[in-house]
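Visitor: Below is a structure I'd like to ask you about.
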Amino acid sequence: MAEQNAGAGDATDTSAEGRAPAQSSRKRVIAIGVAVVLLVTAGLFYWHSTYYEDTDDAQIDGHLVQISSRIAGHITRVYVEDNQRVKTGEELAEMDPTDFQVAVDQDEANLASAEANYEAAKVNLPIVSVSTSSTLRSAGADVKGSDAALAYAQRQLQAAQARVEQAKANNTKAQLDLQRYTPLVQKDVISRQQYDATVATAESAKAGLLEAQANLIGAEDAIRQSNEKLTQSQATLRSASTAPNQIKVQKAKIDQAAAQVKQAQAELEQARLNLSYTKIVAPESGIVNKKNVEVAQNVSIGQNLMTLIPLDDVWVTANFKETQLNHMRPGQPVVISVDALGGREYHGRVTQIGGATGSRLSLFPPENATGNYVKVVQRVPVRIDFTDEMDENKDHLLRPGFSVTPTVRVK
């Protein structure tokens with residue numbers, strides 16, 4: 001019995017001695033495993049920190065199109081609701097077009113009137129040109145005719161003056177003969193017949209003098225009339241000499257009429273544009289948000305009606321620490337993880353690095369007025385564009401404001 005107890009004790013000691021080396025071996029394996037894991041983790045961290053830069057201060061960015069009215073009017077229809085998708089050119093709302101259609105009709109009438117005036121002015125130009133040319137030639141001929149008539153009247157005056165002098169001489173001789181014959185007939189020195197012939201000759205000479213004097217007065221009147229006609233012809237010629245200026249005036253009227261046509265065309269085009277503005281359409285595809293327009297509402301020019309968020313043109317704005325920008329350059333590849341999509345990854349490239357830090361671009365940049373300075377690592381906005389947005393974002397799941405984690409391969 002004692003021998004059996006002794007054998008059992010020896011077996012127990014041998015078993016304890018065997019378990020001790022096994023436990024020590026497992027501890028060494030665990031320690032080695034932990035060391036390997038630590039080394040691998042440290043290596044991965046070193047490799048990642050050396051070749052990659054990432055940040056969780058990043059979000060999807062995009063355009064926010066403010067849809068506003070370009071004219072003042074009365075809303076008659078609204079075709080969309082909040083969060084509704086629309087396509088380019090799709091109608092969003094409509095205004096009452098009545099007043100604008102009336103303006104178009106009126107401007108069309110004004111244009112037709114302006115075009116008629118322009119055509120009439122063009123037709124009048126050759127008429128004015130021919131008329132003024134004819135008047136000028138006629139006036140020139142009248143002046144020449146008046147000059148000739150005046151010269152003829154002057155010659156007639158000279159002839160009349162000569163006839164008056166001749167008639168005076170004949171009358172003087174006849175009167176003297178009568179005076180001499182009167183006493184002779186009384187003394188019967190000459191016959192009564194001879195005396196009567198002398199009396200008749202004296203009367204005829206006196207009448208001839210009166211006739212010559214009357215002709216002289218008529219010649220003087222003809223001279224006066226010829227002078228007046230010459231003066232009138234010269235005035236007509238001076239008036240007709242303005243023909244080039246009259247043609248210039250008519251051409252100026254044509255230019256003015258053409259300008260009025262262009263003005264009427266511009267007013268008509270503006271009226272048609274205003275009429276087209278009564279239909280408010282989507283400038284591009286996207287989602288409608290913040291709709292604040294209703295039927296029967298009166299809107300003014302520039303009034304914001306809704307916001308359109310395009311989904312085809314989005315990018316990432318990542319705020320990297322300034323210490324991360326040492327090796328960052330435009331064109332470097334980026335992997336973008338989107339939180340809202342369960343970490344779905346997209347691919348992109350660095351396109352722009354901001355020109356200033358976010359604090360400097362804020363509405364109220366910080367100022368150190370007290371003189372106490374504490375260095376704070378600043379962040380710089382970096383724009384990242386998707387490599388193939390039309391392919392990767394064809395389902396339009398990316399929305400402006402989504403939080404993302406971009407990882408940039410800097411080496």
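The values are calculated or read from the model by the stated rules, or taken from the named source; none is laboratory data. All values reported here derive from a predicted model rather than from experimental measurement. Ideal geometry is used to build each Cβ from the backbone, glycine not excepted, and the neighbour counts take in all protein chains shown.
Residue by residue, here is whether (1) closer than 30 Å to residue 141 by Cα; (2) surrounded by 14 or more Cβ atoms within 10 Å (Cβ to Cβ) holds:
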residue: 195; (1), (2): no, yes
residue: 199; (1), (2): no, yes
residue: 202; (1), (2): no, yes
residue: 217; (1), (2): yes, no
residue: 227; (1), (2): yes, yes
residue: 230; (1), (2): yes, yes
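Visitor: Would you point out which residue out of 292, 298 is touching a His at 6+ places or on another chain (Cβ under 7 Å) and either modelled with pLDDT of 90 or more or within 17 Å of residue 97 (Cα to Cα) (or both)?
Guide: Numbers: 292 fails: touching a His at 6+ places or on another chain (Cβ under 7 Å).
Step by step, each of 292, 298 is checked, and only 298 is touching a His at 6+ places or on another chain (Cβ under 7 Å) and either modelled with pLDDT of 90 or more or within 17 Å of residue 97 (Cα to Cα) (or both).
Visitor: Return the pair list, or none, for Cβ contacts closer than 6 Å from residues in the stretch 246-257 that are charged (D, E, K, R) to residues that are modelled with pLDDT of 75 or more and crowded, with 18+ Cβ neighbours inside 10 Å, at least 6 apart or on different chains.
Guide: The qualifying pairs are 253/121.
Visitor: Additional query: Quick check on residue 212: is it on the phi < 0 side of the Ramachandran plot, loosely packed, with under 14 Cβ neighbours inside 10 Å and either in the same structural domain as residue 168 (by TED's automatic domain parsing) or touching a strand residue (DSSP E or B) at 6+ places or on another chain (Cβ under 7 Å) (or both)?
Guide: Values: on the phi < 0 side of the Ramachandran plot: yes; loosely packed, with under 14 Cβ neighbours inside 10 Å: no; either in the same structural domain as residue 168 (by TED's automatic domain parsing) or touching a strand residue (DSSP E or B) at 6+ places or on another chain (Cβ under 7 Å) (or both): yes.
When the stated conditions are applied, residue 212 does not pass them.
Visitor: Here is a further query. Which members of the stretch 195-236 meet the condition of being more than 21 Å from residue 153 (Cβ to Cβ) and among the charged types (D, E, K, R)?
Guide: 196, 203, 206
Visitor: Taking residue 206, is it closer than 30 Å to residue 129 by Cβ, basic (Lys, Arg) and at pLDDT 75 or above?
Guide: Values: closer than 30 Å to residue 129 by Cβ: no; basic (Lys, Arg): yes; at pLDDT 75 or above: yes.
So residue 206 does not fit the description; no.
Visitor: Condition check: among the polar types (S, T, N, Q), under 38 Å from the mean Cα position of the chain (by Cα) and outside any loop (DSSP other than H, G, I, E, B). Does residue 405 satisfy that?
Guide: Details: among the polar types (S, T, N, Q): yes; under 38 Å from the mean Cα position of the chain (by Cα): no; outside any loop (DSSP other than H, G, I, E, B): yes.
No, not satisfied.
Visitor: Somewhere in the stretch 260-270, is a residue modelled with pLDDT of 85 or more, out of contact with any helix residue (DSSP H, G or I) (no Cβ under 9 Å at 6 or more places or on another chain) and exposed (fewer than 14 other Cβ atoms within 10 Å of the Cβ)? Walk me through it before giving the result.
Guide: If we filter the stretch 260-270 for residues that are modelled with pLDDT of 85 or more, which is where we start, we get 260-270.
If we keep only those that are out of contact with any helix residue (DSSP H, G or I) (no Cβ under 9 Å at 6 or more places or on another chain) as well, we get 266.
Now narrow it down to the ones that are exposed (fewer than 14 other Cβ atoms within 10 Å of the Cβ): 266.
The answer is yes; a qualifying residue exists.
Visitor: Considering only residues of the stretch 11-68 that are among the polar types (S, T, N, Q) and modelled with pLDDT of 80 or more, which is surrounded by the most Cβ atoms within 10 Å (Cβ to Cβ)?
Guide: Just the residues of the stretch 11-68 that are among the polar types (S, T, N, Q), to begin with: 12, 14-15, 23-25, 41, 49-50, 55, 59, 66, 68.
Remaining after also requiring modelled with pLDDT of 80 or more: 55, 59, 66, 68.
Working: 55: 17, 59: 15, 66: 11, 68: 15.
So, considering only residues that are among the polar types (S, T, N, Q) and modelled with pLDDT of 80 or more, the one surrounded by the most Cβ atoms within 10 Å (Cβ to Cβ) is 55.
Visitor: For the stretch 190-221, which positions are closer than 23 Å to residue 149 by Cα and free of Cβ contacts under 8 Å to residues at least 40 places away in the same chain?
Guide: Selection gives 214, 217, 221.
Visitor: Step by step: first the residues of the stretch 353-409, then only those that are more than 30 Å from residue 310 (Cβ to Cβ) and modelled with pLDDT of 75 or more, then the one that is surrounded by the most Cβ atoms within 10 Å (Cβ to Cβ). Which residue is that? I'd like the intermediate steps shown before the answer.
Guide: Restricting attention to the stretch 353-409, the residues satisfying the condition of being more than 30 Å from residue 310 (Cβ to Cβ) are 364-378.
Keeping just the survivors that are modelled with pLDDT of 75 or more gives 375-378.
Numbers: 375: 5, 376: 8, 377: 9, 378: 15.
Restricting to residues being more than 30 Å from residue 310 (Cβ to Cβ) and modelled with pLDDT of 75 or more, the top hit is 378.
Visitor: Kindly indicate whether residue 191 is at pLDDT below 80, of a type outside the set (Asp, Glu), surrounded by fewer than 18 Cβ atoms within 10 Å (Cβ to Cβ) and assigned by TED's automatic domain parsing to the domain that holds residue 135. Give the steps one after another, and end with the answer.
Guide: Working: at pLDDT below 80: yes; of a type outside the set (Asp, Glu): yes; surrounded by fewer than 18 Cβ atoms within 10 Å (Cβ to Cβ): yes; assigned by TED's automatic domain parsing to the domain that holds residue 135: yes.
Criteria met by residue 191.
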